[in-house]
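Data first, discussion second: the structure below is written as structure tokens.
The values are calculated or read from the model by the stated rules, or taken from the named source; none is laboratory data. Keep in mind that this is a model prediction, so the values were computed, not measured. FYI the Cβ positions are ideal-geometry reconstructions off the backbone, even for glycines, and counts take in every protein chain you see. For accessibility, only protein heavy atoms count, side chains too; no ligands or nucleic acids. Shrake-Rupley method; radii C 1.70, N 1.55, O 1.52, S 1.80 Å.
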Protein chains: 2
Amino acid sequence: MIPPAKPLLLNAFTMNCVGHINHGMWTHPQDRSTEFNHLSYWLDLARILEKGLFDGMFIADILGVYDVYQQGIALTAREAIQLPVNDPLMLVSAMASVTEHLGFGLTANLSYEAPYPFARRFSTLDHLTNGRVGWNIVTGYLDSAARAMGQTQQLAHDRRYDQADEFLDVSYQLWEGSWQDDALVIDRQRRCYADASKIHPVNHHGEFYQVEGYHLSSPSPQRTPLLFQAGSSTRGVRFAGRHAECVFVNGSTPQALREQVNKLRQAARDAGRLPEDIKIFMGVSVIVAPSEKDAEEKYQAYRRYASPEAGIAHFSSSIGVDLSQFGLDEPIQTGPTRAIESVTQTYSGWTRRRLLEQHAMGGRYLLIVGSPSQVADQLIKWLDEADIDGFNLTRIVNPQSYIDFIDWVVPELQQRGRYKTAYQPGTLRKKLFNHDRLPARHRAARWRADTQTSVEDKC
Amino acid sequence: MIPPAKPLLLNAFTMNCVGHINHGMWTHPQDRSTEFNHLSYWLDLARILEKGLFDGMFIADILGVYDVYQQGIALTAREAIQLPVNDPLMLVSAMASVTEHLGFGLTANLSYEAPYPFARRFSTLDHLTNGRVGWNIVTGYLDSAARAMGQTQQLAHDRRYDQADEFLDVSYQLWEGSWQDDALVIDRQRRCYADASKIHPVNHHGEFYQVEGYHLSSPSPQRTPLLFQAGSSTRGVRFAGRHAECVFVNGSTPQALREQVNKLRQAARDAGRLPEDIKIFMGVSVIVAPSEKDAEEKYQAYRRYASPEAGIAHFSSSIGVDLSQFGLDEPIQTGPTRAIESVTQTYSGWTRRRLLEQHAMGGRYLLIVGSPSQVADQLIKWLDEADIDGFNLTRIVNPQSYIDFIDWVVPELQQRGRYKTAYQPGTLRKKLFNHDRLPARHRAARWRADTQTSVEDKC
């Protein structure tokens with residue numbers, strides 16, 4: 001018996017700023033990215049995505065600025081390369097109030113946060129959204145952020161993951177361990193809101209964090225938010241295997257990506273979890289039109305607005321190397337940088353010309369251009385050959401790219417039985433994994449208070 | 001010529017939790033406080049307040065739990081005394097999306113925050129609300145918070161204010177100094193979003209904070225959020241004189257409050273500001289009905305739900321003294337505590353019985369019970385005799401207390417020409433002070449970048 005074909009999961013990949021991935025496209029007359037300071041823009045976007053049955057809106061974030069290219073922020077400011085950039089968490093309650101099912105994957109850098117108020121922030125959002133929030137765990141990679149936080153430079157790459165491991169363990173204690181499921185009584189007659197014998201203080205004394213106290217929020221629908229992560233280094237994959245439920249990847253070929261995916265699923269096994277406990281999303285840009293010819297024309301029309309130079313200015317900060325210093329055809333020497341090893345390996349020896357060509361649409365994500373059936377073919381090919389689960393779809397002309405995708409690609413995928421025709425009920429985790437809370441095999445479960453029996457009813 | 005009578009300003013005083021001030025009232029059948037985890041509750045409340053032309057919703061917050069009374073959290077949990085308590089900032093964008101004028105005064109404890117991401121959070125909200133946010137600056141007073149943040153105990157009272165002074169100065173540099181007014185160009189044809197020559201890095205090296213970097217948000221309508229504060233100690237008043245635009249006070253008599261108000265206005269003068277640069281809001285609870293008799297009956301009916309004991313449990317943490325240890329008629333010895341001096345002075349020598357009587361409605365705020373004209377008389381008396389500007393109105397039965405106030409007291413005040421009949425346009429600061437940004441005489445202005453001339457157009 002052949003198992004049913006895997007459905008394609010879909011997030012909109014966006015950011016609380018003007019230029020996110022496909023740099024320069026803000027100059028297109030139809031692009032609304034410059035409205036990011038206004039709620040109406042976000043409410044419209046959320047409604048569009050829910051109409052298109054997107055699983056989530058995945059909001060990237062960065063603390064710090066891209067100041068490596070030409071050793072300054074001139075181009076960063078001119079092309080609004082993720083500057084200005086506002087806090088993504090502040091957007092959520094408004095968008096939650098006009099949607100019912102759309103999830104919100106929120107990037108938050110833990111390096112400069114304290115677990116105690118941080119955990120409350122996500123619990124609050126999980127309550128207000130009825131369990132629709134995810135946390136994209138990042139530790140940051142910009143020296144400019146470290147300097148803004150009073151440090152001369154950031155922690156070394158692998159040490160940041162050590163810190164992240166401990167941050168997660170403290171957070172699990174707050175989210176999963178502090179309040180028992182039955183702590184809330186809410187009985188007006190008996191005058192008992194909660195039973196203190198079922199609320200336990202966290203008592204964590206570790207290498208990076210010291211936390212003593214009760215979690216401030218009562219149990220939210222998912223408790224721990226759905227955990228996203230994007231590490232591709234050896235240490236990052238180990239971290240993903242231990243914690244992540246969704247991993248965000250980029251691929252050059254389905255075969256190369258498949259290797260990365262195998263490593264991630266193996267890392268889950270190594271951490272006592274199942275390979276399917278991790279859903280893998282690949283970044284992709286799509287230009288679609290009714291016919292191949294129309295799509296190609298749209299691509300050529302869009303290209304005129306893109307800024308490949310802004311793309312490599314962004315990439316300069318990603319790898320910590322000022323790419324403006326190399327001649328157009330000179331092989332790029334990356335040398336030792338703080339960038340993740342796999343990225344520098346991939347691009348070692350490339351010329352600036354080749355990078356500019358790769359950034360034709362202003363970004364370096366896989367670009368699929370074609371008719372609805374051609375796009376669907378490509379997406380399904382990646383899904384099946386690379387063993388991934390879905391896509392983070394970038395914005396090109398914003399939000400028109402999403403509207404095009406919903407109008408043309410979604411019906412095509414639905415016809416092929418590869419895309420939902422309605423939302424499942426329940427929390428974001430329930431929709432993706434069919435359970436509201438992390439399973440017992442996830443390390444978060446070890447701090448769960450539910451198994452503790454309380455002797456004394458304090459109500 | 002007699003100057004026109006001062007209009008009465010009005011905030012709803014609430015919190016992202018069940019029991020805020022008037023403890024025990026959550027048990028009243030009509031009270032909706034237990035719905036605080038749901039957006040619908042907050043959207044309804046915001047709409048009610050805007051209908052009543054409230055200037056703002058002032059949302060209190062606390063980091064930490066009340067564990068002083070009976071040396072634990074048994075009563076705190078049972079009566080939901082500000083536990084659970086969720087993050088107030090997460091509520092704002094949803095409520096902003098259903099209102100146009102209502103301001104949002106948001107309590108945030110700076111002691112455990114880093115200025116760089118913190119300033120971005122408020123800039124984001126100021127953008128999304130079109131300039132309707134205020135920050136109620138607090139430094140916290142609970143040892144339970146310090147322990148949750150990895151410290152054995154908090155900084156001493158006056159040192160917390162030294163830290164707060166520096167936190168504000170760094171924040172002003174980010175909010176006022178980093179981006180010139182004309183930094184944003186947003187010209188699609190010229191491909192220029194912003195001019196880097198008009199964006200300046202902050203370079204702060206102080207006692208508590210080291211911050212080097214560009215502010216991440218572009219200039220928001222108010223830049224610096226409207227600044228609220230509530231310090232009543234000598235050091236707190238000095239801080240208010242230097243920074244605060246709105247100060248939250250409590251009064252026992254109009255005469256005693258007038259002295260405190262005089263000190264605050266003098267502190268503004270001492271800081272080179274005008275006495276009217278500070279608007280002063282007093283906390284008050286109101287029970288109103290068409291007649292005095294009806295109001296008295298409502299009061300008696302409400303009282304049965306209040307918990308005076310929960311009130312003094314809350315107060316125990318405020319003063320750092322377990323009030324359960326004293327006999328009902330034994331004079332309370334407060335001894336040296338970390339509580340603010342004026343509070344302990346006021347209550348020194350009281351008995352627990354007297355405190356319980358004072359907390360008849362579960363809280364120790366001034367309670368006014370009466371017909372619409374009686375309530376209006378009282379409010380105006382306080383306003384004029386104590387030289388204050390308005391009130392922070394607590395919730396008793398929530399939100400019915402606000403609805404009653406709007407139905408009965410607001411028309412009475414309007415008839416007397418003491419309450420607005422429509423909102424003024426513009427930002428929260430514009431509505432209260434007739435300017436969008438802090439005036440030149442406020443210390444924030446010294447870091448303003450506007451006066452800097454840029455030589456080079458980087459667009």
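Give the residues of the range B:233-250 that are surrounded by fewer than 21 Cβ atoms within 10 Å (Cβ to Cβ) and under 14 Å from B:Gly283 (Cβ atoms), sorted by residue number.
Result: B:Val249, B:Asn250.
Restricting attention to the range A:117-148, which residues are of a type in the set (A, V, I, L, M), farther than 30 Å from B:Trp42 by Cβ and surrounded by fewer than 22 Cβ atoms within 10 Å (Cβ to Cβ)?
If we filter the range A:117-148 for residues that are of a type in the set (A, V, I, L, M), which is where we start, we get A:119, A:125, A:128, A:133, A:137-138, A:142, A:145-146, A:148.
Okay, now just the ones that are also farther than 30 Å from B:Trp42 by Cβ, so A:142, A:145-146, A:148.
A:Ala146 - this is the single residue of the range A:117-148 that is of a type in the set (A, V, I, L, M), farther than 30 Å from B:Trp42 by Cβ and surrounded by fewer than 22 Cβ atoms within 10 Å (Cβ to Cβ).
Before we move on, is B:Arg429 among the basic types (Lys, Arg) and in contact with a helix residue (DSSP H, G or I) (Cβ under 8 Å, 6 or more places away or on another chain)?
Criteria not met by B:Arg429.
I'm trying to understand the selection: among the residues of the range B:97-116, which are more than 19 Å from B:Ala145 (Cβ to Cβ) and open to solvent by 10 Å² or more (accessible area, probe 1.4 Å)?
Result: B:Ser97, B:Val98, B:Thr99, B:Glu100, B:His101.
Could you list all residues from the range B:280-314 that are in a helix (DSSP H, G or I) and either surrounded by fewer than 17 Cβ atoms within 10 Å (Cβ to Cβ) or among the basic types (Lys, Arg) (or both)?
B:Glu292, B:Lys293, B:Asp294, B:Glu296, B:Glu297, B:Lys298, B:Gln300, B:Ala301, B:Arg303
Using the structure shown, decide if A:Ala108 is at pLDDT 95 or above and in contact with a Ser or Thr (Cβ under 9 Å, 6 or more places away or on another chain).
Answer is no for this residue.
When the range A:40-59 is examined, which residues are found to be in contact with a Ser or Thr (Cβ under 8 Å, 6 or more places away or on another chain) and open to solvent by 10 Å² or more (accessible area, probe 1.4 Å)?
Correct list: A:Leu43, A:Arg47, A:Glu50, A:Leu53.
For A:Asn86, state whether it is free of Cβ contacts under 8 Å to residues at least 60 places away in the same chain, within 7 Å of chain B (Cβ to nearest Cβ) and within 25 Å of A:Val133 (Cα to Cα).
No.
Does A:Asn37 count as of a type in the set (S, T, N, Q), open to solvent by 10 Å² or more (accessible area, probe 1.4 Å) and over 30 Å from A:Lys431 (Cα atoms)?
For A:Asn37, the condition - of a type in the set (S, T, N, Q), open to solvent by 10 Å² or more (accessible area, probe 1.4 Å) and over 30 Å from A:Lys431 (Cα atoms) - is met.
Cβ-Cβ under 8 Å, sequence separation 6+ or interchain: first residue in the range A:415-442 and in a loop (DSSP other than H, G, I, E, B), partner among the polar types (S, T, N, Q) and surrounded by 18 or more Cβ atoms within 10 Å (Cβ to Cβ). Which pairs?
Close Cβ pairs (under 8 Å, with a partner that is among the polar types (S, T, N, Q) and surrounded by 18 or more Cβ atoms within 10 Å (Cβ to Cβ)) amount to A:Thr427/A:Asn130; A:Thr427/A:Gln222; A:Asp436/A:Gln222; A:Asp436/A:Thr427; A:Arg437/A:Gln222; A:Arg437/A:Thr224; A:Leu438/A:Thr224.
Filter the range A:6-20 down to residues that are touching a helix residue (DSSP H, G or I) at 6+ places or on another chain (Cβ under 8 Å) and outside any strand (DSSP E or B) and give me whichever is surrounded by the fewest Cβ atoms within 10 Å (Cβ to Cβ).
A:Lys6
Are any residues in the range A:430-448 open to solvent by 50 Å² or more (accessible area, probe 1.4 Å) and aromatic (Phe, Trp, Tyr), and if so, which ones?
Once the filter is applied, which keeps residues that are open to solvent by 50 Å² or more (accessible area, probe 1.4 Å) and aromatic (Phe, Trp, Tyr), the range A:430-448 yields only A:Trp447.
When the residues of the range A:149-183 are narrowed to those that are over 27 Å from B:Leu216 (Cα atoms) and aliphatic (A, V, I, L, M), which ends up surrounded by the most Cβ atoms within 10 Å (Cβ to Cβ)?
A:Leu174
Kindly list the number of the only condition in (1) within 12 Å of the chain's Cα centre (by Cα); (2) open to solvent by less than 10 Å² (accessible area, probe 1.4 Å) that fails for A:Val261.
(1)
In the range A:48-79, which residues are in a loop (DSSP other than H, G, I, E, B), at the interface with chain B (Cβ under 8 Å from one of its Cβ atoms) and in contact with a helix residue (DSSP H, G or I) (Cβ under 6 Å, 6 or more places away or on another chain)?
Here is the first cut: in the range A:48-79, the residues in a loop (DSSP other than H, G, I, E, B) are A:52-55, A:61-68, A:72-73, A:79.
Among the residues that remain, those that are also at the interface with chain B (Cβ under 8 Å from one of its Cβ atoms) are: A:63-65, A:72-73, A:79.
If the condition is that a residue be in a loop (DSSP other than H, G, I, E, B), at the interface with chain B (Cβ under 8 Å from one of its Cβ atoms) and in contact with a helix residue (DSSP H, G or I) (Cβ under 6 Å, 6 or more places away or on another chain), then A:Leu63, A:Gly64, A:Val65, A:Ile73, A:Glu79 are the ones that fit.
How many residues does the range B:376-405 hold that are open to solvent by 20 Å² or more (accessible area, probe 1.4 Å) and part of a helix (DSSP H, G or I)? Give the steps one after another, and end with the answer.
Just the residues of the range B:376-405 that are open to solvent by 20 Å² or more (accessible area, probe 1.4 Å), to begin with: B:377-378, B:380-381, B:384-385, B:387, B:400, B:403.
So of that shortlist, the ones also part of a helix (DSSP H, G or I) come out as B:377-378, B:380-381, B:384-385, B:400, B:403.
Residues flagged as open to solvent by 20 Å² or more (accessible area, probe 1.4 Å) and part of a helix (DSSP H, G or I) within the range B:376-405 amount to 8.
Can you find a residue in the range B:270-279 that is surrounded by fewer than 18 Cβ atoms within 10 Å (Cβ to Cβ), under 30 Å from B:Ile406 (Cβ atoms) and away from chain A (no Cβ under 14 Å)?
yes
Quick check: is even one residue across the range B:242-252 assigned to a helix (DSSP H, G or I) and either under 25 Å from B:Tyr141 (Cα atoms) or of a type in the set (Phe, Trp, Tyr) (or both)?
yes
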